[in-house]
Amino acid sequence: MTREVIADSSALVALFNPGDQRHEWAIAQARELMASLLTCEAVVTETLHLLRRVPGGVDGLLEFWERGELDIALAAEEHVARLRELQRKYASVPMSFADACLVRLSELRPRALVWTADSDFRIYRRQGRGVIPLLEPTGG
């Protein structure tokens, strides 16, 4: 059985931006993943914004989503109280709304890995003290 993977914008940007220092890592990881990636609309929005000046980046991400390789697995409106709680808890980091959504998604899918190049996910905890399992580049 394939392990579920939750995609963060840092990993998606690395995947669709050939100029990103982690591009080769992201390509290698994407080839190994057997199922569609779980994410939320906030991550898609953030990623599209970050790719706006990358030739082909926005179109590549949208095509990836259109092919079903991204699955929107969290409706934020159903989790506003928890998202607000997370953002208050990590205000000093600071935690983006997209990151809060992924932490919440990780709480709902405890066996899933969070695919990220963002070191903040080493700080975040789910449901109090639970470490979030990560798929990240070696050396962070």
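The values are calculated or read from the model by the stated rules, or taken from the named source; none is laboratory data. These numbers were taken from a predicted model, which means no experiment stands behind them. Positions of Cβ are backbone-derived with ideal geometry, glycine not excepted, and every protein chain shown enters the neighbour counts.
Within region 15-39, the set of residues being assigned to a helix (DSSP H, G or I), in contact with a Leu (Cβ under 9 Å, 6 or more places away or on another chain) and not aliphatic (A, V, I, L, M) comprises F16, H23, Q29.
So, L12, is that one within 15 Å of the chain's Cα centre (by Cα) and assigned to a strand (DSSP E or B) or not? No. Of the residues A100, A42, the single one that is under 14 Å from S10 (Cβ atoms) and within 15 Å of the chain's Cα centre (by Cα) is A42. Could we say that A42 is in a helix (DSSP H, G or I), surrounded by fewer than 21 Cβ atoms within 10 Å (Cβ to Cβ) and touching a Cys at 6+ places or on another chain (Cβ under 6 Å) here? Yes: the conditions hold for A42. Screening region 105-140 for residues that are among the charged types (D, E, K, R) and under 16 Å from V5 (Cβ atoms) and picking the one that is surrounded by the fewest Cβ atoms within 10 Å (Cβ to Cβ) gives R111. Which of the residues spanning region 45-66 are assigned to a loop (DSSP other than H, G, I, E, B) and either in contact with a helix residue (DSSP H, G or I) (Cβ under 8 Å, 6 or more places away or on another chain) or modelled with pLDDT under 95 (or both)? Result: L51, R52, V54, G56.
What pairs come out if I take residues in region 124-140 that are over 27 Å from E24 (Cα atoms) and pair them with residues that are assigned to a loop (DSSP other than H, G, I, E, B) and at pLDDT 90 or above whose C-beta lies under 9 Å away, six or more apart or interchain? Note: pairs meeting the criteria are R125/I132; R126/P110; R126/I132; Q127/P110; G130/P110.
Take S96 and tell me if it is more than 21 Å from A30 (Cβ to Cβ), among the polar types (S, T, N, Q) and buried (at least 16 other Cβ atoms within 10 Å of the Cβ). Yes, satisfied.
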